[in-house]
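After the structure tokens below, expect a handful of questions from me.
The values are calculated or read from the model by the stated rules, or taken from the named source; none is laboratory data. Computed from a prediction, not measured in an experiment: that's the story for all the values here. Virtual Cβ from ideal backbone geometry, glycine too; neighbours counted across all protein chains shown. Please note that ligands, DNA and RNA were not included when accessible areas were found on the heavy atoms of the full protein model with its side chains. Shrake-Rupley method; radii C 1.70, N 1.55, O 1.52, S 1.80 Å.
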Amino acid sequence: TPEKLAGILQATKRGDIRPYLELAEEMEERDLHYLAVLSTRRRQVARIKPSIDEDKARGADKRIVDAVRDLVEAPEFRQLMKNMVDAFGKGFSVSEIVWTEQDGLWRPAAYVWRDPKYFTFDYISRSEVRLAEMASIDGVALPPAKFVIHNPAIKSGIPIRGGFAWLACWAWIFKQYALKDWVSFLDIFGMPIRLGKYHPSATADERRKLLQAVSRIAVDAAAIIPESMVIELLEAKSSAGGGGNPFATLGDYLDKQMSKAILGQTMTTDGQAGGLAQAKVHDEVRIDILEDDADEIAVTVNRDLIKWFVKLNFGDNARAPLVRFPVAEPQDIAIQATALAQLVPLGLKVSQQEVLDKIGFTRPEAGDELLSPPPGAAPGKARVDPDTSQAVRTAATARQHVRGCQCGRGAGGTAFNAEGVGAAVYDDAIVESQELVDEALSDWREITDPLLAQLLRLADGASSLEEVLSRANAAGLDMAPLVAKLATATAISRGLGDVKD
């Protein structure tokens with residue numbers, strides 16, 4: 001009842017959290033929609049693959065990094081992830097680490113989920129998880145290196161008031177009342193009212209038979225009555241007494257509020273129609289929430305597991321690498337790949353680890369079979385595709401030259417026959433010439449900017465072009481870099497022409 005729910009919440013504020021935790025468990029068992037959206041949020045986080053922050057690990061011992069990597073890639077670690085996300089509903093979760101010695105290292109043999117009802121919070125701050133003890137309002141402090149305690153920051157405040165059960169409990173109880181009233185309504189109006197009419201002259205035996213027939217219609221859907229009797233089936237014309245179904249409407253409204261609170265949107269859970277743009281916005285909201293959840297999981301894992309694993313095995317002064325939970329954004333891979341292909345050749349510096357995290361790939365290990373770039377595309381250098389259209393036009397011009405004068409030579413000195421055979425060689429020359437031009441223009445700013453600056457100074461205050469040219473001749477512009485660049489390009493192009501000829 002609402003009165004009992006209010007009492008549970010007030011008791012939770014005073015430190016008696018056990019009834020509230022039982023309520024949180026019951027909400028998941030009795031409301032399938034609440035369970036579905038909460039499970040979706042949990043699974044999204046639990047399925048993220050952990051990785052080592054390579055930038056932070058550069059200063060750490062390789063043995064430690066490898067040991068931590070083995071730790072988070074072990075099958076048992078997946079169970080820890082499932083245990084931690086139980087905190088989304090209740091506000092906190094506690095997993096006990098069962099340590100064992102293996103291959104000279106202390107490793108977790110299992111991560112055991114512990115019922116949160118066995119724990120409480122300190123009486124003063126209401127933030128430190130402690131072991132519940134009878135006749136003690138403060139509980140007992142937990143030993144170090146023994147428990148992984150996750151408190152998702154869904155909202156600011158004490159952890160017990162940060163779970164979705166606290167936020168959704170009123171919507172949940174209102175929905176239970178709506179369902180109860182709906183079932184009661186269907187019990188009365190779901191089946192039509194059976195009305196039997198008898199003639200005033202009907203005898204008592206005839207009335208008894210009519211009543212018996214009406215009563216059995218609901219069971220057998222068949223009856224026999226005298227010809228003089230009539231049975232009518234009266235149906236409720238409107239379940240709401242005026243259009244619509246208020247029970248279903250209220251239930252759908254409350255479900256949408258739960259979806260918004262837990263997933264940040266309703267489109268992927270309630271089957272609403274919408275365009276592609278709207279769907280992308282809703283999906284981005286979910287990814288944004290997922291990234292926050294992943295960051296919080298990483299903080300808990302590094303604090304309660306990785307730090308103690310490194311201390312137990314490598315000493316107090318050993319540097320522990322950081323574990324991250326990167327969230328891939330598959331809808332942006334094509335856009336990011338295009339941007340990288342265009343910007344990296346221009347000098348953009350991008351971390352490989354960041355790109356791997358974005359697309360959900362892991363860094364290859366020694367001995368892995370690696371994918372390699374296609375022939376002609378050097379690693380770290382963008383492949384320059386030839387200007388096919390220009391090459392085709394030039395080759396066509398050369399073929400016309402062959403047909404026109406029958407000299408058998410192309411415009412660039414390449415031999416052709418009447419069918420234009422040799423055009424491929426000519427196209428290669430066009431591509432090489434274009435590459436030579438691109439190379440010559442690669443540093444044109446460094447060469448022309450000083451010349452332009454000198455010309456601007458000479459033109460300042462001049463009244464005519466002749467005066468500018470006169471000043472330039474007298475000043476003696478430094479043309480050596482430009483002359484050297486042109487001379488080099490000319491020599492290379494002449495050499496390429498000789499080779500082709």
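When the residues of the range 151-181 are filtered to those that are without any contact (Cβ under 8 Å) to a residue 12 or more places away in the chain and among the small types (Gly, Ala, Ser), which remaining residue is surrounded by the most Cβ atoms within 10 Å (Cβ to Cβ)?
Gly157
Output yes when any residue across the range 1-24 is part of a helix (DSSP H, G or I), of a type in the set (Lys, Arg) and open to solvent by less than 30 Å² (accessible area, probe 1.4 Å), and no when none is.
No, there is no match, as no residue in the range 1-24 is part of a helix (DSSP H, G or I), of a type in the set (Lys, Arg) and open to solvent by less than 30 Å² (accessible area, probe 1.4 Å).
Which of the residues that make up the range 295-321 are hydrophobic (A, V, I, L, M, F, W, C) and open to solvent by less than 70 Å² (accessible area, probe 1.4 Å)?
If the condition is that a residue be hydrophobic (A, V, I, L, M, F, W, C) and open to solvent by less than 70 Å² (accessible area, probe 1.4 Å), then Ile297, Ala298, Val301, Leu305, Ile306, Trp308, Phe309, Val310, Phe314, Ala318, Ala320 are the ones that fit.
Scan the range 123-135 and tell me whether some residue there is assigned to a loop (DSSP other than H, G, I, E, B), surrounded by 15 or more Cβ atoms within 10 Å (Cβ to Cβ) and at positive phi.
Checked against the condition, which is being assigned to a loop (DSSP other than H, G, I, E, B), surrounded by 15 or more Cβ atoms within 10 Å (Cβ to Cβ) and at positive phi, the range 123-135 yields at least one hit.
Is it true that some residue in the range 336-359 is touching a residue at least 12 places away in the same chain (Cβ under 8 Å), open to solvent by 80 Å² or more (accessible area, probe 1.4 Å), in contact with a helix residue (DSSP H, G or I) (Cβ under 8 Å, 6 or more places away or on another chain) and over 25 Å from Phe92 (Cα atoms)?
No: the range 336-359 contains no residue that is touching a residue at least 12 places away in the same chain (Cβ under 8 Å), open to solvent by 80 Å² or more (accessible area, probe 1.4 Å), in contact with a helix residue (DSSP H, G or I) (Cβ under 8 Å, 6 or more places away or on another chain) and over 25 Å from Phe92 (Cα atoms).
Let me ask something additional. Taking the residues in the range 458-467 that are modelled with pLDDT of 85 or more and part of a helix (DSSP H, G or I) as candidates, determine which candidate is nearest to the chain's Cα centre (by Cα).
Looking at the filtered set, the residue picked out is Ala459.
Now for a separate question. Taking Lys49 as meeting all but one of (1) open to solvent by 50 Å² or more (accessible area, probe 1.4 Å); (2) out of contact with any Gly (no Cβ under 9 Å at 6 or more places or on another chain), write down the number of the exception.
(2)
Just to be sure I understand, how many residues within the range 21-45 are under 13 Å from Ile262 (Cβ atoms) and either touching a His at 6+ places or on another chain (Cβ under 8 Å) or among the acidic types (Asp, Glu) (or both)?
Count: 2.
Continuing with the same structure: Scan the range 454-482 for residues that are aliphatic (A, V, I, L, M) and surrounded by 11 or more Cβ atoms within 10 Å (Cβ to Cβ) and jot them down.
Within the range 454-482, Leu455, Leu458, Ala459, Ala462, Val468, Leu469, Ala472, Ala475, Leu477, Met479, Leu482 meet the criteria.
From (1) modelled with pLDDT under 80; (2) assigned to a loop (DSSP other than H, G, I, E, B), pick out the condition that doesn't hold for Val499.
(2)
Would you be able to say whether some residue in the range 53-76 is outside any helix (DSSP H, G or I), open to solvent by 40 Å² or more (accessible area, probe 1.4 Å) and in contact (Cβ under 8 Å) with a residue 60 or more places away in the chain?
Our first condition is that a residue be outside any helix (DSSP H, G or I); within the range 53-76, this holds for 53, 58-61, 74.
Remaining after also requiring open to solvent by 40 Å² or more (accessible area, probe 1.4 Å): 58-59, 61.
If we keep only those that are in contact (Cβ under 8 Å) with a residue 60 or more places away in the chain as well, we get 59, 61.
Yes; the residues of the range 53-76 include at least one that is outside any helix (DSSP H, G or I), open to solvent by 40 Å² or more (accessible area, probe 1.4 Å) and in contact (Cβ under 8 Å) with a residue 60 or more places away in the chain.
Next question, about the same structure. Against the definition (more than 30 Å from Leu32 (Cα to Cα) and polar (S, T, N, Q)), how does Gln102 come out, yes or no?
yes
The rows are residues; the columns are (1) closer than 18 Å to Leu322 by Cβ; (2) touching a strand residue (DSSP E or B) at 6+ places or on another chain (Cβ under 6 Å); (3) not acidic (Asp, Glu).
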position: Asp16; (1), (2), (3): no, no, no
position: Glu28; (1), (2), (3): no, no, no
position: Arg47; (1), (2), (3): no, no, yes
position: Asp53; (1), (2), (3): yes, yes, no
position: Ala67; (1), (2), (3): yes, no, yes
position: Asp86; (1), (2), (3): no, yes, no
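Name the residues in the range 25-43 that are touching a residue at least 60 places away in the same chain (Cβ under 8 Å) and open to solvent by less than 60 Å² (accessible area, probe 1.4 Å), would you?
Matches in the range 25-43: Met27, Glu28, Asp31, His33, Tyr34, Ala36, Val37, Leu38, Thr40, Arg41.
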